[in-house]
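Okay, structure first, notes after.
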Amino acid sequence: MTVTLFDFAFNNIKRDFGTYFYHFLSCVFSVLIFFLFMTLAQHPALAVVSSGSTIGLVLSQASLISMIFSFILILYSVGNFLKNRSKQFAILNIIGASKKQFTKLIFLENMILSAVALFLGIILGIIFSKLFLMIAQSLIDGLNLYFYFPVKALIFTIILMGGLFFVVALLAPVIMRKKKVIDLLKKEEVAEKNHFVFSLFAFVVITPLTIYFHLDSDIPLFAYPLELLFVISTSYFLFYLIFMGYQFVIEHSKKRYAQNNLIKLSNFKYKINTNVKTMAGAMILFGVILTAFVYIVGAPRNVTDDTKKFMPYTYMYANWESKVDGEKKAVFISNYLARKDHFKELTISYAQLPSETRTTRHIVLSNTMYNAIADFLNRDKIDLTDNEYFLVGVDGKKAPKLSERMIDKLAQYDITKERGADKRIIALSGYFTSVTVVSDSKYQKLLSEMNEDKIYAFEQVQYRNDTAVEVDDLQKEIDFKMDQETFMSYYSYYSYENMIRNLIAYVGSILCIAFLIGIASIIYTRLYSLADEESKKYSIMMKLGVSKKEIKSILSSTVRWILVLPFGVALILSFGVITLIDRETLTSYTNLALICGVSNLSIELLIYAIINRKYQEKVFDMMYKL
């Protein structure tokens with residue numbers, strides 16, 4: 001019976017699955033996360049959501065980010081997995097395997113593993129999708145996320161994740177072809193050089209350049225890549241500095257010969273460059289994730305206050321096509337809403353520059369009209385002279401600015417002096433393109449060359465969060481036409497914003513936790529790839545009298561250095577960044593940062609315990625096989 005290359009690849013995996021296991025696990029985990037997000041994104045309840053909407057963007061970006069992270073995780077895992085099998089590949093080369101056969105074998109092994117991982121990941125995804133959707137529905141108001149069989153998610157996962165696995169399988173032989181046979185046979189690495197001086201030089205050069213380019217308010221584009229280099233070089237230098245300081249203290253104190261400290265130091269120093277690179281990379285990723293996690297979890301906070309910034313009234317109505325119909329419908333809405341207490345209304349008249357685009361609305365308000373709005377919204381009133389103007393916000397975010405057309409129009413009437421500005425809006429966010437307030441006399445003159453229009457504002461503060469039925473009823477009663485008029489309620493905006501933020505919090509939290517686990521997996525695969533070499537070293541130590549307990553302590557020390565320390569530093573820096581941001585914003589996230597920090601620390605300590613135990617078991621298993 002002829003044994004094909006496929007049979008050879010399959011038997012390799014079957015007979016030595018332990019070597020492939022953690023790479024296989026990374027692939028399954030990546031498929032599971034991607035499939036769950038696609039299950040949510042393709043849910044029938046979201047069928048009405050366009051891909052360009054906020055919900056569509058959140059879900060598509062989450063899927064994209066999970067796929068990019070999966071690619072990095074799997075590619076790194078492949079590199080370590082191939083390293084573990086380097087001697088086997090070297091022997092195949094020596095006994096006459098051709099370059100083509102060698103390439104095909106690595107490709108087939110990766111594709112077999114990927115196919116099984118894809119299948120298992122999807123099965124696990126289907127099993128956990130009901131729980132995933134149940135939690136999402138409980139956290140996200142306004143979505144009925146019932147369980148369904150995710151056919152589209154299944155197809156997308158097979159195509160996209162299958163394509164990703166195919167690309168990785170193509171890259172795997174390229175990684176191995178760069179190594180010579182002698183390098184494959186000699187898997188052990190020599191002691192590395194200390195690059196502390198180089199890291200110090202990079203830190204000293206890049207830091208002042210980064211600071212210099214950020215002194216100006218207009219930061220050049222090339223300063224952002226410099227920021228990345230600054231973060232990398234600073235992180236690299238920081239961990240070199242920490243280790244050098246720790247080494248100095250240990251070597252110049254009584255602790256030098258206690259608890260195998262000399263062995264721990266020499267063990268870390270043997271691969272210091274690789275260790276520091278791993279620590280710097282882990283700290284940067286941990287820092288980004290921990291900081292983002294706080295703001296993602298905090299997204300649903302202050303929805304009420306933020307909604308007021310984008311929708312200042314309980315209801316707003318405007319008719320773009322017919323003033324007569326608009327007035328009639330406004331009266332009907334007023335009579336309908338006046339049945340409840342605490343009701344007040346305001347008709348806002350304004351002059352608008354003629355525009356070919358209906359949604360472009362550069363408007364002018366009279367001083368009296370603006371003061372009426374200010375009184376309605378409990379804001380400060382203004383008093384303008386004939387040559388002054390006042391700017392009002394249009395989106396609730398950015399400071400208002402004059403358009404070139406409006407500057408020219410105001411200049412024709414000698415209105416050239418800016419009195420001030422307020423970024424708070426007076427209509428639904430984005431309804432107006434620009435809002436300028438002028439004196440009453442100048443407004444009357446401008447009105448002769450501009451179109452006059454109106455919007456209608458209605459306020460019922462006590463009923464802001466309980467108007468879903470009324471909005472639907474009112475739209476039916478007035479025969480609302482989507483393409484001719486605007487009718488928006490505070491509740492509609494609030495409920496949508498609340499749903500979006502809860503969705504971001506849920507999806508983002510899962511991504512952050514998945515990334516924490518992914519980073520830990522990357523670190524473990526690095527430790528796993530060196531287990532063979534470490535086992536030989538510690539086997540000799542045991543023969544020289546070093547106990548099993550002492551070896552466990554040394555191994556734990558390595559894990560703490562490259563996993564726990566970067567996380568701890570990242571946690572401290574993340575808290576510092578959040579504290580600095582809180583000083584510049586109205587909303588404080590400090591207390592939430594403490595809660596999230598404790599939660600993430602608990603997760604990380606659990607991960608450390610698992611990795612430490614598995615790493616020790618792997619090293620000792622290999623030691624006993626020698």
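The values are calculated or read from the model by the stated rules, or taken from the named source; none is laboratory data. None of these values were measured; they are calculated from a predicted model. Cβ sites come from the backbone with ideal geometry, for glycine too, and all protein chains shown count toward neighbours. Surface areas here come from the heavy atoms of the whole protein model, side chains and all, with no ligands, DNA or RNA. Shrake-Rupley method; radii C 1.70, N 1.55, O 1.52, S 1.80 Å.
What's the number of the only condition in (1) modelled with pLDDT of 85 or more; (2) within 28 Å of R405 (Cα to Cα); (3) of a type outside the set (D, E, K, R); (4) over 42 Å from the mean Cα position of the chain (by Cα) that A330 fails to meet?
Going through the list (1) modelled with pLDDT of 85 or more; (2) within 28 Å of R405 (Cα to Cα); (3) of a type outside the set (D, E, K, R); (4) over 42 Å from the mean Cα position of the chain (by Cα), A330 breaks only (2).
For the subset of the stretch 534-551 comprising residues that are within 13 Å of Y615 (Cα to Cα) and either under 18 Å from the mean Cα position of the chain (by Cα) or not polar (S, T, N, Q) (or both), which member is surrounded by the fewest Cβ atoms within 10 Å (Cβ to Cβ)?
Applying the filter and picking the extreme gives E534.
Suppose we keep only residues that are closer than 12 Å to K264 by Cβ and in contact (Cβ under 8 Å) with a residue 60 or more places away in the chain within the stretch 553-565. Which one would you say is surrounded by the fewest Cβ atoms within 10 Å (Cβ to Cβ)?
S553
What's the number of the condition S53 fails, among (1) modelled with pLDDT of 70 or more; (2) under 27 Å from the mean Cα position of the chain (by Cα)?
Status for S53: all satisfied but (1).
Filter the stretch 299-342 down to the residues that are among the hydrophobic types (A, V, I, L, M, F, W, C) and open to solvent by 50 Å² or more (accessible area, probe 1.4 Å), then identify the one that is farthest from N378 (Cα to Cα).
Filtering the stretch 299-342 for residues that are among the hydrophobic types (A, V, I, L, M, F, W, C) and open to solvent by 50 Å² or more (accessible area, probe 1.4 Å), the one farthest from N378 (Cα to Cα) comes out as V324.
Out of the stretch 566-591, which residues are open to solvent by less than 30 Å² (accessible area, probe 1.4 Å), hydrophobic (A, V, I, L, M, F, W, C) and at pLDDT below 90?
I578 - this is the single residue of the stretch 566-591 that is open to solvent by less than 30 Å² (accessible area, probe 1.4 Å), hydrophobic (A, V, I, L, M, F, W, C) and at pLDDT below 90.
Yes or no: E459 surrounded by 15 or more Cβ atoms within 10 Å (Cβ to Cβ), under 17 Å from S334 (Cα atoms), among the charged types (D, E, K, R) and in contact (Cβ under 8 Å) with a residue 12 or more places away in the chain?
Considered against the rule, which asks whether it is surrounded by 15 or more Cβ atoms within 10 Å (Cβ to Cβ), under 17 Å from S334 (Cα atoms), among the charged types (D, E, K, R) and in contact (Cβ under 8 Å) with a residue 12 or more places away in the chain, E459 comes out as yes.
Sort through K187, K179, K193 and tell me the only one that's under 30 Å from V28 (Cα atoms), at pLDDT below 75, outside any helix (DSSP H, G or I) and open to solvent by 40 Å² or more (accessible area, probe 1.4 Å).
None of the other options fit; the residue is K179.
Whether any residue in the stretch 206-225 is modelled with pLDDT of 75 or more and either open to solvent by less than 20 Å² (accessible area, probe 1.4 Å) or touching a strand residue (DSSP E or B) at 6+ places or on another chain (Cβ under 7 Å) (or both) is what I want to check.
yes
Residue by residue through the stretch 373-413, note down the ones that are among the polar types (S, T, N, Q) and open to solvent by 40 Å² or more (accessible area, probe 1.4 Å).
N378, T385, N387, Q412
Does S434 meet the test of being small (G, A, S) and touching a helix residue (DSSP H, G or I) at 6+ places or on another chain (Cβ under 7 Å)?
yes
Out of the strands (runs of 3 or more DSSP E) lying entirely within the stretch 339-438, which hold 3 or more residues that are among the aliphatic types (A, V, I, L, M), on the phi < 0 side of the Ramachandran plot and touching a Pro at 6+ places or on another chain (Cβ under 7 Å)?
none
Specify the residue that is surrounded by the most Cβ atoms within 10 Å (Cβ to Cβ); the eligible residues are those in the stretch 130-153 that are more than 27 Å from E497 (Cβ to Cβ) and touching a residue at least 40 places away in the same chain (Cβ under 8 Å).
So, considering only residues that are more than 27 Å from E497 (Cβ to Cβ) and touching a residue at least 40 places away in the same chain (Cβ under 8 Å), the one surrounded by the most Cβ atoms within 10 Å (Cβ to Cβ) is P150.
For the stretch 511-626, which fully contained helices (runs of 4 or more DSSP H) count at least 2 residues that are among the basic types (K, R) and out of contact with any strand residue (DSSP E or B) (no Cβ under 7 Å at 6 or more places or on another chain)?
Of the helices (runs of 4 or more DSSP H) lying wholly inside the stretch 511-626, those with at least 2 residues that are among the basic types (K, R) and out of contact with any strand residue (DSSP E or B) (no Cβ under 7 Å at 6 or more places or on another chain) span 531-543, 548-559, 590-625.
Quick check: is even one residue across the stretch 319-331 assigned to a helix (DSSP H, G or I), hydrophobic (A, V, I, L, M, F, W, C) and touching a strand residue (DSSP E or B) at 6+ places or on another chain (Cβ under 6 Å)?
Within the stretch 319-331 (the criterion being assigned to a helix (DSSP H, G or I), hydrophobic (A, V, I, L, M, F, W, C) and touching a strand residue (DSSP E or B) at 6+ places or on another chain (Cβ under 6 Å)), the answer is yes, since at least one residue qualifies.
Looking at the stretch 274-298 only, could you name the residues that are open to solvent by less than 10 Å² (accessible area, probe 1.4 Å), β-branched (V, I, T) and over 17 Å from F243 (Cβ atoms)?
If the condition is that a residue be open to solvent by less than 10 Å² (accessible area, probe 1.4 Å), β-branched (V, I, T) and over 17 Å from F243 (Cβ atoms), then V294 is the only one that fits.
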